[in-house]
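The values are calculated or read from the model by the stated rules, or taken from the named source; none is laboratory data. Here the structure is a predicted model, which is why all the values come from computation and not from measurement. All Cβ positions, glycine included, derive from the backbone under ideal geometry; neighbour counts span all protein chains shown. The protein model used for the area step is the full one, side chains on, heavy atoms only, and it has no ligands, DNA or RNA in it. Shrake-Rupley method; radii C 1.70, N 1.55, O 1.52, S 1.80 Å.
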Amino acid sequence: MAYEVIALDLDGTLTNSDKIITEPTRRGIIELQKRGKTVVLASGRPINGVVYLAEELELARYGGYTLSFNGARITRCSDGSIIHNQTLPPEVIRPIWEYVKTIPGLDLISYTDTEILSGIQDNPFNQVEADNCRIGIVPVDDFPSVLDFPVNKMIVSGDPALVRTVIEPLRKQYQGRLSIYLSEPFYLEIMPLNVDKAAALDSLMKRLGMTAENLICCGDSYNDISMIQYAGLGVAMANARPEVKEAADYITLSNDEDGVLHVIRQFMMQV
């Protein structure tokens with residue numbers, strides 16, 4: 001089965017430790033697209049945190065796609081149209097905010113297309129997201145009232161030990177209504193039900209008239225496991241978390257060794 005599409009996580013996968021795409025990898029991805037293959041950037045970031053990398057890789061020119069918010073939103077780069085969009089039920093925002101406020105040290109954040117909104121108390125972990133997405137953090141007083149627009153996701157952020165204390169209570173409370181999972185030890189993602197990278201890619205592959213067997217997925221963290229298991233070839237980076245490696249069919253080089261480029265050359269650009 002020929003691999004026609006490659007989906008790439010960003011942090012720890014496509015980008016190196018300096019959060020950049022190396023020039024060899026950039027050139028390799030553009031050459032891959034020139035050969036008619038489709039590139040998808042699949043990230044937990046908001047769209048503003050993905051679009052500048054899509055521009056570097058010329059996805060608009062070659063018909064690529066971005067999956068932002070862990071797949072809650074799919075954007076076609078050629079014209080900027082949103083072809084898939086799932087949002088949180090508005091009625092869950094206030095009770096989740098009120099619950100998280102009872103745990104000192106945790107914050108609840110969400111996004112506009114240009115800002116991170118900090119709903120309780122800003123913490124150093126939020127800055128990781130701000131730096132990755134190249135957007136600022138704006139503290140807000142009445143978080144639920146400010147979120148008066150369709151919301152793709154929220155994140156509980158804080159020290160990993162504190163974050164772990166709210167996982168099961170939130171999952172129990174919202175079972176069958178929300179998808180709740182870690183993307184990093186310090187980020188608990190709160191998503192619309194059944195939203196993950198695999199579900200979004202399944203929708204996209206059907207739209208493209210292909211199946212998972214035509215797809216390679218590369219990732220390194222917890223929120224990449226679903227797409228790695230879904231893909232015809234699921235790839236973990238050498239720097240991936242152990243659980244991700246266990247889910248993968250193949251382990252490539254690290255993100256600091258152009259591991260994505262190695263996969264492209266090995267499986268998609270054979271002469």
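In a reduced charge model with +1 at each Lys and Arg Cβ and -1 at each Asp and Glu Cβ, the chain shows a dipole moment near 760 debye about its Cα centre. Quick check on my link table: of Lys101/Lys206; Lys34/Lys153; Lys19/Lys197; Lys153/Lys245; Lys34/Lys197, which ones sit more than 31 Å apart, alpha carbon to alpha carbon? Distance filter (> 31 Å) returns Lys101/Lys206; Lys34/Lys153. Placing unit charges on the Cβ atoms of the charged side chains and taking the dipole of the stretch 216-271 about its Cα centre, the candidate lying farthest along the positive direction among Gly259, Gln229, Ala240 is Gln229.
About the centre of its Cα atoms, the stretch 1-108 shows a dipole size close to 200 debye [charges on the beta carbon of Lys, Arg (+1) and Asp, Glu (-1) only; nearest 20 debye]. Taking a Cβ cut-off of under 11 Å around Ile251, the surrounding Lys, Arg, Asp and Glu residues balance to a net charge of -2, with basic ones at +1 and acidic ones at -1. Evaluated at q = 0.15, 0.19, 0.22 Å⁻¹, a Debye calculation over the C-alpha positions of the stretch 136-271 (equal weights, vacuum) places log10 I(q)/I(0) at -0.88, -1.17, -1.31. Legend: Rg and Dmax of the chain, from Cα coordinates, 18.0, 59 Å.
Each Lys or Arg adds one and each Asp or Glu subtracts one; over the other residues with Cβ under 10 Å from the Cβ of Ala240, this totals -3. If you run the Gaussian network model on the chain, springs between alpha carbon atoms under 10 Å, then out of Leu59, Leu41, Leu208 the most flexible one is Leu208. Comparing Pro139, Gln270, Leu117 along the charge dipole axis of the chain, the residue lying farthest to the positive side is Gln270, per the Cβ-charge model. When the solvent-accessible area of the chain is split by element, carbon and sulfur atoms take up 49 percent of it, the probe being 1.4 Å.
Loop-located trypsin sites (Lys or Arg not before Pro) in the stretch 83-187 (DSSP state other than H, G, I, E, B) with a sparse environment of at most 13 neighbouring Cβ atoms within 10 Å: Arg134, Arg177. For the chain, the solvent-accessible area of protein heavy atoms averages 41 Å² per residue (probe radius 1.4 Å; ligands and nucleic acids excluded).
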